[in-house]
Structure formats: structure tokens, C-alpha cells
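Worksheet: one structure, shown below.
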Amino acid sequence: MSIESPLQVLPCYKVAILHPDLGIGGAERLILDAALELGELGCRVVLYTGYHNATRCFEETLDRGRRRVSWIKVHGAWMPRQISGHFHAPFAYARALWTAAALLLIERDIDAIIVDQVSAPLVLLRLFSSIKIVFYCHYPDMLLAKRDSWSRRLYRSPLDLLEQLTTGMAHKILVNSEYTRKTFARTFKPLYRIGLQPAILYPAVGRQSTPSLEKRTTSNRSAMPSKSFLSINRFERKKNLSLALQAYALFRTTNDSDAKKASRLILAGGFDERIRENVEHLKELKRCASIFL
């Protein structure tokens, strides 16, 4: 099955998308919007992922019966994410390879494949197919890993080498901003020197309106504080959300009581109970809020 559209703007290409974990987040929103827009343009789209939870996902991934839509295929969900909080990267690579293998075995007549976030499947796709591949790089994974001990540096060495080698196997590389393109150039210097310079594809914003949300917002506006400070991020320590709490605490101490009552801070974003850091960091932020506020 695939997304069908009456708008045959493009030839009827079949596009397959590989995404590691189709949860709720910015990367997931981007890749889902890309799939939907390709469908609107007349492409047949299939999306292969290692995980999708019908109770925690974007609405577009479900049909009217609240079941996963037929063009999204899940393979590799049986694999663990980690062992005792370790080996996240090897398991992510293994799951991505499993999903890629399933795609190659099941799908036929694919014109192009978009690989998102994890570059490991590129080696499998290049070895066993001649399909054109686009790799979308949100940020080099090697820059997100800790290297605070010799054992961690030893553990990351082969993973970093694999990331660099497989990233260079894509026919086209895309990044999400000028900042990421410059980071790509500094991180993957050998690739940049041989001419692999990524193009920028900025994340899009959906144009469709949500009347029900606008109606609720308008009706409740009188009860809202006059000042709202909003932070939208995943609940991860690297996002430094405690800084928002500290800044808001400073705002409250430098304003009168009326200003305090007429303001609020909202911390919103991706939270996954499967991820230990998300659970731990939410508790840390609650403790921080009780201290500062």
C-alpha cells in the first residue's frame, strides 16, 4: 500500500523512507511531512521504521480505526534499545540495518530511498541495490556522544569510523540548516575534501489550520497569563532546560507581584518513558523548579 493522490504533478515514482524510531519529535515531524507531501505530488511512498507506537504518535500515522496506516511498516521493534543503559548506538545501528534489510527483501520497483538520521543502512543499500539514496543528516552522531574516559573513546572509535564511511555512501546528502552544514564540514573533513558537500533542506511548517485548537485558544485567552515563556525541547540534559527555569526565576525576582502572577513558564517537548534519561531529567527539572520557584 502507499499514499495515493489525484495530483500527479510528478511521474509516479516509488519512494521508500527509512527512519529509525517514528515517535513524536522534530525529526519525526519532518520526515512524516516529507512523506505526506511526496504523496500529494503523486509519488507512491512507503516508510520503514524500527518502532512505532499507535498510542503515542502523530495523528497522520493512524487510520480512522486508530490503527497504523498501511504505508508505514515496522521491522526490528523486537530489538532492545540498550542493555543496562549502555550500547544505545550499536543497537540503533543494528535495528536500522534490520529495517533496511526488510525493505530490500519486501519492496519492489523503488526509485529512490531517503535514509534519515542513522547512516549505517547505507552500506547495505549500496551493496545490494542500485537505488539512488538521499541521506538526511540532522547532526553528526559522533558529536553527541560522551568521551570522558578511555573506555568510552575506545568504544566510540569504530562507531565514528562507521558513521564517516557510511555517510559518504549516499548519492545526495541533505542537512537541516547552514549551521549543520558548517558542522558537517568540520566533522567529516575527508568527505568534504572529496567534494561531498551537503545541500540545505530546511524543515517545513504545515500550512493546514486547526480550527478546534484556535477556538479553544480564543475562548480561554481571558484566563491566560499576560506573559508566557515557552520552551519546546526534548527532555534531555544536553538541552539545558534548567537554564530556562533559572532565567524565569530571575524574571520573577526582578518584577513586582502583579507581574509574577501574570506570567508563566511552559516546558514542553518530546518525552518517552522508554528512555531513561527522559524520565530522570523530568524528575530533575521538577526538583529544580521546586528550588527556584
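The values are calculated or read from the model by the stated rules, or taken from the named source; none is laboratory data. From a predicted model like this one, the values you see are computed outputs, not experimental measurements. Note that we place each Cβ from the backbone using ideal geometry, even for glycine, and neighbour counts take in every protein chain shown. Just the protein is used for accessible areas: all its heavy atoms, side chains included, with ligands, DNA and RNA removed. Shrake-Rupley method; radii C 1.70, N 1.55, O 1.52, S 1.80 Å.
Ordering Asp109, Asp272 from largest to smallest accessible area (1.4 angstrom probe), what's the sequence?
Working: Asp109 120, Asp272 20 Å².
Putting Asp109, Asp272 in descending order of accessible area: Asp109, Asp272.
What Kirkwood radius, in Å to one decimal, follows from the Cα pairs of the stretch 1-136? Before the final figure, lay out the partial values.
Working: mean 1/r = 0.0656 Å⁻¹.
Computed over the stretch 1-136, the radius equals 15.2 Å.
Efficiency by 1/(1 + (r/R0)^6): what FRET value for Ser149 and Ile232, r their Cβ-Cβ distance, R0 = 35 Å, to the nearest 0.05? All intermediate terms of the calculation are to be shown ahead of the outcome.
Numbers: r = 33 Å, r/R0 = 0.94.
It comes to 0.60.
Taking the Cα atoms only, what angle lies between the long axis of helix 150-167 and the longest principal axis of the chain, rounded to 10 degrees?
So the helix axis and the longest Cα principal axis differ by about 60 degrees.
Ignoring ligands and nucleic acids, what accessible area does Cys12 show with a 1.4 Å probe (Å², nearest 10)?
It works out to around 70 Å².
Top to bottom by accessible area (1.4 Å), largest first, where do His86, His281 land?
Details: His86 100, His281 15 Å².
Greatest to least solvent exposure: His86, His281.
What is the P(r) of the stretch 16-70, as percent of Cα-Cα pairs per 10 Å bin from 0?
24, 60, 16
Would you please calculate the Kirkwood hydrodynamic radius of the stretch 94-205 over all C-alpha pairs and express it in Å, rounded to one decimal? Before the final figure, lay out the partial values.
On the way: mean 1/r = 0.0670 Å⁻¹.
About 14.9 Å for the stretch 94-205.
Please report the net charge: other residues with Cβ closer than 12 Å to the Cβ of Ile133, K and R +1, D and E -1. List each step's numbers first, then the result.
Details: positive: Arg126, Lys132, Lys172; negative: Asp111, Asp116.
Summing Lys/Arg as +1 and Asp/Glu as -1 gives +1.
To the nearest 10 square angstrom, how much accessible area does Phe251 have with a 1.4 angstrom probe?
Near enough 40 Å² of accessible area.
So, R0 is 30 Å and r is the distance between the beta-carbons of Leu243 and Arg29; what FRET efficiency does that work out to, to 0.05? Please report the intermediate quantities before stating the final value.
On the way: r = 24 Å, r/R0 = 0.81.
Efficiency at R0 = 30 Å is approximately 0.80.
Taking a probe of 1.4 angstrom, what is the accessible area of Arg126 in Å², to the nearest 10?
Taking all protein chains as shown, Arg126 has close to 100 Å².
In Å, what Kirkwood hydrodynamic radius results for the stretch 79-146 from the alpha-carbon pair distances?
Values: mean 1/r = 0.0761 Å⁻¹.
It works out to 13.1 Å.
On alpha carbon coordinates alone, what is the Rg over Rh value for the chain, Rh being the Kirkwood radius? Write out the running numbers ahead of the final one.
Values: Rg = 21.6 Å, Rh = 21.6 Å.
Rounded to two decimals, Rg over Rh is 1.00.
Per the helix-only calculation at 222 nm, which mean residue ellipticity applies to the chain, given -39500 (n - 2.57) for every DSSP H run of n ≥ 4 and division by its residues, nearest 500 deg cm²/dmol? Could you put the intermediate results ahead of the total?
Working: 10 runs with 119 residues, N = 293.
Roughly -12500 deg cm²/dmol at 222 nm, from the helical runs in the chain.
Name the residues whose placed amide hydrogens come within less than 5 Å of the amide hydrogen of Phe229, ignoring near sequence neighbours (fewer than 5 apart) on the same chain.
Arg264, Leu265, Ile266
Using 7 Å Cα-to-Cβ label points, what is the Ser157/Glu40 separation (nm, one decimal)?
Roughly 4.9 nm, to one decimal.
Using a probe of 1.4 angstrom, how much of the accessible area of the chain is carbon and sulfur, in percent?
Working: 10100 of 17340 Å².
Answer for the chain is 58 percent, counting heavy atoms of protein chains only.
So what is the accessible area of the chain per residue, in Å², with the probe set to 1.4 Å?
Numbers: 17340 Å² over 293 residues.
Computed with neighbouring chains in place, this is 59 Å² per residue.
Output wanted: per-residue J couplings in Hz (rounded whole) for the stretch 271-287, from phi through Karplus 6.51 cos²θ - 1.76 cosθ + 1.60, θ = phi - 60°, x for Gly and Pro.
9, 10, 5, 6, 9, 4, 4, 4, 5, 5, 6, 4, 5, 4, 5, 5, 5
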